[in-house]
Amino acid sequence: MKPWLDPALAYAASWLEFQRRHHDQPGCAVAVAHGDKIVLEAAFGSADLETGEALTPRHGFRIASHSKSFTSAGILRLVEEGRLRLGDKVGQYIDGLHPEVAAATIGQVLSNSAGLTRDGPDNGQFLDRKPYCGKAELMADLARPPVLPTSQRFKYSNHGFALLGLVIEAVTGLSYSEWIADEVVSKVGLLETKPDIGLWGDRPMAKGHSGMQPLGRRVVIPADNLGHAMTSAAGFVATAADVARYFAQLSPKAENSILSPLSRREMTRRLWADDEASLGRHYGLGTISGGEGDWRWFGHSGGFQGFITRTAVFPTHDITVCVLTNAIEGLAHQWLDGIVHILKTFSERGAATAETQGWDGRWWSIWGCGDLVPVGKHVLVANPALLTPFLDAPEIALEAPDRGRISRASGFNSPGETAELQRDGSGVRAVQLGGARYIGEQELRTEMLERYGKAS
């Protein structure tokens, strides 16, 4: 394993736990895979704010549109077996579609370029106002003409991936859930993944939560809605570790996979740019991609009522990151980007040396906290309240075991001034950075209560 990866993951977990507290989010689960091995698995916060149940790595989450990547792999398995082709028209397998919908190819539907309606004329299923639609409602919506011509632009469609679920049923003669569980989930070796909530059984399950507004408090969103015909688009339930395992084997560089390298390259390549957004994303065959250079990524994200989730694979580094949150405004996207920011910093600067490795920990003042993070021969003073904690981080160059100098920092900080670890018999008790003394969290709590009085 890369020598910088272990310390990078240790800091990422510490940062993420602080971020959850800082933003007052209910819960967050994270998993990171290096190759096919899980190298970080952690959970923070609550599975259910109403009961106070603690979140664990074994709790399932509604991973929503991650489901599309499972469906895509299922379609490509059928292609490899010669049972269908990406160029086949969906009308060859499904009757009752509008003629223009029927003329769209499986590949066009799979790449979200078939011009189909996103969710039909009533998407109340995603607003928790009605059950997820069944086959009859789905087919009635798809009997209408498509919104745009095929192959004109990227246009995301949950209905399109629901239609692909029907194609899988037509080709295999089995229900979507039964076939995908046997031919994709089981063959990858996933033990904590189910196509729909009704199959999850008595395993622990995270509850969804609302945002703070408009009620001024969070309420629990049960998120126990059955997927029905939308299962192939949004129904899956899984743990963070299983999601990471699954996406890791979709990498074209993976040593073991249920798909051929050709199918994986086809699935993950950038087919359609999301031109009208500023995020630089592209869509492939059931995958989203972005990034540049060594940190190009592919993966998917998901939003279910009460949950926001995201996964990204970085093939050059053979790293997969999955972040699952159980709030409707969960910060899965921002936190995954923050983890990548941490990984990049460590990959560029390296792990701590023997001299710098003791310069670590979170240190507090009334203004908040800072993290001493040793990287290579220097120590960074990170701000864990930031979504990119190393942004403009002051840098300390050591001059003695417990003393250094702030060698690089904003002019509004304390460049050129001293940095010192202050010890007592039990170890480092405080950190002096320039003229400011930083102490432990509990010591600051005591200090603030003594100075300002106990909270009412």
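The values are calculated or read from the model by the stated rules, or taken from the named source; none is laboratory data. Predicted model only: the values in this text are computed from it and were never measured. With ideal geometry, Cβ positions are generated from the backbone for all residues, glycine too; neighbour counts draw on all protein chains shown.
Which condition number does His66 fail, the rest of (1) assigned by TED's automatic domain parsing to the domain that holds Ser151; (2) part of a helix (DSSP H, G or I); (3) over 22 Å from Met267 (Cβ atoms); (4) touching a strand residue (DSSP E or B) at 6+ places or on another chain (Cβ under 6 Å) being met?
(3)
Is the stretch 25-48 home to any residue that is surrounded by fewer than 16 Cβ atoms within 10 Å (Cβ to Cβ) and in a loop (DSSP other than H, G, I, E, B)?
So in the stretch 25-48, the residues surrounded by fewer than 16 Cβ atoms within 10 Å (Cβ to Cβ) come out as 37.
Then drop every residue that is not in a loop (DSSP other than H, G, I, E, B), which leaves none.
Checking the stretch 25-48: not a single residue is surrounded by fewer than 16 Cβ atoms within 10 Å (Cβ to Cβ) and in a loop (DSSP other than H, G, I, E, B).
Condition test on Ser289, is it without any contact (Cβ under 8 Å) to a residue 60 or more places away in the chain and under 24 Å from Glu255 (Cα atoms)? Step through it out loud before you land on a result.
On the way: without any contact (Cβ under 8 Å) to a residue 60 or more places away in the chain: yes; under 24 Å from Glu255 (Cα atoms): yes.
Here the answer is yes, as Ser289 does meet what is asked.
Could you please give the count of residues in the stretch 33-69 that are over 23 Å from His23 (Cβ atoms) and not polar (S, T, N, Q)?
Within the stretch 33-69, residues that are over 23 Å from His23 (Cβ atoms) and not polar (S, T, N, Q) number 9.
Give Arg153, Arg129, Arg118 a once-over and let me know the one that is touching a helix residue (DSSP H, G or I) at 6+ places or on another chain (Cβ under 8 Å) and charged (D, E, K, R). Lay out the reasoning, then the answer.
Details: Arg153 fails: touching a helix residue (DSSP H, G or I) at 6+ places or on another chain (Cβ under 8 Å); Arg129 fails: touching a helix residue (DSSP H, G or I) at 6+ places or on another chain (Cβ under 8 Å).
Among Arg153, Arg129, Arg118, only Arg118 is touching a helix residue (DSSP H, G or I) at 6+ places or on another chain (Cβ under 8 Å) and charged (D, E, K, R).
Name every residue in the stretch 130-149 that is crowded, with 17+ Cβ neighbours inside 10 Å, more than 30 Å from the chain's Cα centre (by Cα) and touching a residue at least 40 places away in the same chain (Cβ under 8 Å), in order of residue number. Break it down stepwise before answering.
If we filter the stretch 130-149 for residues that are crowded, with 17+ Cβ neighbours inside 10 Å, which is where we start, we get 132-133, 137-139, 141-142, 146.
Next cut, more than 30 Å from the chain's Cα centre (by Cα) only: 137, 139, 141-142, 146.
Hits for the stretch 130-149 are Glu137, Met139, Leu142, Pro146.
Any idea how many residues of the stretch 237-292 are of a type in the set (Lys, Arg), under 19 Å from the mean Cα position of the chain (by Cα) and surrounded by fewer than 22 Cβ atoms within 10 Å (Cβ to Cβ)?
To start, the set of residues in the stretch 237-292 that are of a type in the set (Lys, Arg) comprises 245, 253, 264-265, 269-270, 281.
Subsequent filtering for residues that are under 19 Å from the mean Cα position of the chain (by Cα) retains 245, 281.
Filter again for surrounded by fewer than 22 Cβ atoms within 10 Å (Cβ to Cβ), leaving 281.
Of the residues in that region, 1 qualify.
Output the residues belonging to the stretch 1-23 that are closer than 21 Å to His59 by Cβ, without any contact (Cβ under 8 Å) to a residue 60 or more places away in the chain and surrounded by fewer than 19 Cβ atoms within 10 Å (Cβ to Cβ).
Ala13, Glu17, Arg21
Gln422 fails exactly one of the following numbered conditions: (1) within 16 Å of Ile366 (Cα to Cα); (2) over 37 Å from the mean Cα position of the chain (by Cα). What is the number of that condition?
Condition not satisfied by Gln422: (1).
Pick out the one residue from Ala419, Ala409 that is of a type outside the set (Lys, Arg), over 18 Å from Phe346 (Cβ atoms), surrounded by 18 or more Cβ atoms within 10 Å (Cβ to Cβ) and without any contact (Cβ under 8 Å) to a residue 40 or more places away in the chain. Steps first, please.
Values: Ala419 fails: without any contact (Cβ under 8 Å) to a residue 40 or more places away in the chain.
Of Ala419, Ala409, the one residue that is of a type outside the set (Lys, Arg), over 18 Å from Phe346 (Cβ atoms), surrounded by 18 or more Cβ atoms within 10 Å (Cβ to Cβ) and without any contact (Cβ under 8 Å) to a residue 40 or more places away in the chain is Ala409.
Which residues, counting only those in the stretch 346-392, are among the small types (Gly, Ala, Ser) and either in contact (Cβ under 8 Å) with a residue 60 or more places away in the chain or over 20 Å from Val428 (Cβ atoms) (or both)?
Taking the stretch 346-392 first, the residues among the small types (Gly, Ala, Ser) are 347, 350-352, 354, 358, 361, 365, 368, 370, 376, 382, 385.
Once the filter is applied, which keeps residues that are among the small types (Gly, Ala, Ser) and either in contact (Cβ under 8 Å) with a residue 60 or more places away in the chain or over 20 Å from Val428 (Cβ atoms) (or both), the stretch 346-392 yields Ser347, Gly350, Ala351, Ala352, Gly358, Gly361, Ser365, Gly370, Gly376, Ala382, Ala385.
Would you check if there is a residue in the stretch 222-242 being touching a residue at least 60 places away in the same chain (Cβ under 8 Å), closer than 27 Å to Tyr156 by Cα and among the aromatic types (Phe, Trp, Tyr)?
yes
Please work out if Leu190 is surrounded by fewer than 24 Cβ atoms within 10 Å (Cβ to Cβ), without any contact (Cβ under 8 Å) to a residue 60 or more places away in the chain and within 21 Å of the chain's Cα centre (by Cα). Break it down into steps so the answer makes sense when it comes.
On the way: surrounded by fewer than 24 Cβ atoms within 10 Å (Cβ to Cβ): yes; without any contact (Cβ under 8 Å) to a residue 60 or more places away in the chain: yes; within 21 Å of the chain's Cα centre (by Cα): yes.
So Leu190 fits the description; yes.
Go through the stretch 318-340 and give me each residue that's out of contact with any strand residue (DSSP E or B) (no Cβ under 8 Å at 6 or more places or on another chain) and crowded, with 19+ Cβ neighbours inside 10 Å. Can you show your working first?
So the first thing to find is which residues in the stretch 318-340 are out of contact with any strand residue (DSSP E or B) (no Cβ under 8 Å at 6 or more places or on another chain), and the list is 334, 337-338.
Residue satisfying the conditions is Gly338 alone.
Looking at Gly302, Gly306, Gly280, which one is of a type outside the set (A, V, I, L, M), at pLDDT below 95 and touching a strand residue (DSSP E or B) at 6+ places or on another chain (Cβ under 7 Å)? Give the steps one after another, and end with the answer.
Values: Gly302 fails: at pLDDT below 95; Gly306 fails: at pLDDT below 95.
Criteria check complete, one pass: Gly280.
With respect to Ala400, determine if the residue is farther than 27 Å from Leu343 by Cα and touching a Phe, Trp or Tyr at 6+ places or on another chain (Cβ under 7 Å). Steps first, please.
Working: farther than 27 Å from Leu343 by Cα: yes; touching a Phe, Trp or Tyr at 6+ places or on another chain (Cβ under 7 Å): no.
It is false that Ala400 is farther than 27 Å from Leu343 by Cα and touching a Phe, Trp or Tyr at 6+ places or on another chain (Cβ under 7 Å).
Looking at (1) touching a residue at least 60 places away in the same chain (Cβ under 8 Å); (2) in the same structural domain as Glu41 (by TED's automatic domain parsing), can you tell me which one Phe314 breaks?
(1)
Looking at the stretch 345-368, can you tell me whether even one residue there is outside any strand (DSSP E or B), modelled with pLDDT under 95 and surrounded by fewer than 20 Cβ atoms within 10 Å (Cβ to Cβ)?
Step one: of the stretch 345-368, the residues outside any strand (DSSP E or B) are 345-360, 366-367.
Those still in the list that are modelled with pLDDT under 95 too: 357-358.
Restricting the remaining residues to those that are surrounded by fewer than 20 Cβ atoms within 10 Å (Cβ to Cβ) gives 357-358.
The answer is yes; a qualifying residue exists.
For the stretch 75-119, what are the residues that are crowded, with 20+ Cβ neighbours inside 10 Å and among the basic types (Lys, Arg)?
Residue satisfying the conditions is Arg77 alone.
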